[in-house]
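The values are calculated or read from the model by the stated rules, or taken from the named source; none is laboratory data. Everything numeric here is computed off the predicted structure, so don't read it as measured data. Don't worry about glycine lacking a Cβ; one is built from the backbone with ideal geometry, like all the others, and counts go over all protein chains shown.
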Amino acid sequence: MISPDAFKQVMRRWASTVTIITTKAGDTIYGLTATAFSSLSVNPPEVFVSINKQTRTHPLIEQGGVFCVNFLAPEMIHISDRFAGRYPNEERFQDVRYRAEATGAPVLDDAIAYLDCTVARALDAGDHTIFIGLVQASGVQRPDDAPLLYFNGRYHRLGDAAT
C-alpha cells in the first residue's frame, strides 16, 4: 500500500471544481470547502460528497440528514478560503448571502450552481464518510460563468476548450 503522502501527491494532479458543502442540523448551519464531490446517478438524481470525520461539518450532516453542494465562481476565492478553515467557525457565513431551499441547508446566492440534497446513505471510507445525497432541488444561478478550479494546491480559472 502507498503512503498517505504519495497518495496526496498523485491527487494534487486531479483538477476539480471548488465547492462549499453546507448543512443544517436544528438551528445550526455550517459548511466547508471541498473538492471531493461527484455525480453518482441520474435516475434517481444522486451525488456524493466525501467528508473527513474530524470536521465539525461531519456530525452535523449525520444529525441533520441534509447537505447542499454549492459550486463556486473564480471571484469567490475569499469565500473558499473562509470555509476552508482559515477563519473562525462563527465567521464562515458572515457577509455571505444565502437562503434555504428544499432541505434547509444553505444555498449560497452567489454560487454558479447548487444541488440541495437529503442523505440517502452513508458509507464508511477510512478517515472519511461518503454521504450519498438524493437531490431534492437544484439550480444554475449563473449559466454563463465557469467554475473555480483547484489543481496542484492552487486555485485556477477554466481555460479555453481543448478541441
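Taking the range 116-148 as the search range and keeping residues that are among the small types (Gly, Ala, Ser) and part of a strand (DSSP E or B), which one is surrounded by the most Cβ atoms within 10 Å (Cβ to Cβ)?
Among those that are among the small types (Gly, Ala, Ser) and part of a strand (DSSP E or B), it is Gly133.
Can you say whether Asp110 is assigned to a loop (DSSP other than H, G, I, E, B) and either modelled with pLDDT of 95 or more or buried (at least 19 other Cβ atoms within 10 Å of the Cβ) (or both), as far as the supplied structure shows?
Values: assigned to a loop (DSSP other than H, G, I, E, B): yes; either modelled with pLDDT of 95 or more or buried (at least 19 other Cβ atoms within 10 Å of the Cβ) (or both): yes.
Answer is yes for this residue.
I'd like the residue in the range 74-107 that is over 15 Å from the mean Cα position of the chain (by Cα), among the hydrophobic types (A, V, I, L, M, F, W, C) and in a loop (DSSP other than H, G, I, E, B) and, out of all such residues, is surrounded by the fewest Cβ atoms within 10 Å (Cβ to Cβ).
Checked the range 74-107; the qualifying residue surrounded by the fewest Cβ atoms within 10 Å (Cβ to Cβ) is Ala102.
Has the range 103-122 got at least one residue that is among the charged types (D, E, K, R), without any contact (Cβ under 8 Å) to a residue 12 or more places away in the chain and farther than 15 Å from Ala36 by Cβ?
Quick first cut of the range 103-122, residues among the charged types (D, E, K, R) only: 109-110, 116, 121.
From the residues that got through so far, the ones that are without any contact (Cβ under 8 Å) to a residue 12 or more places away in the chain too are 121.
Filter again for farther than 15 Å from Ala36 by Cβ, leaving 121.
Yes, because at least one residue in the range 103-122 is among the charged types (D, E, K, R), without any contact (Cβ under 8 Å) to a residue 12 or more places away in the chain and farther than 15 Å from Ala36 by Cβ.
Tell me yes or no: at least one residue of the range 47-61 is in contact with a Leu (Cβ under 7 Å, 6 or more places away or on another chain), modelled with pLDDT of 95 or more and not basic (Lys, Arg). So that I can check it myself, show each step before the final result.
As a first pass, look at the range 47-61 and keep what is in contact with a Leu (Cβ under 7 Å, 6 or more places away or on another chain): 47-48, 55, 57.
With modelled with pLDDT of 95 or more added as a condition, the list becomes 47-48.
Still in the running and not basic (Lys, Arg): 47-48.
Yes.
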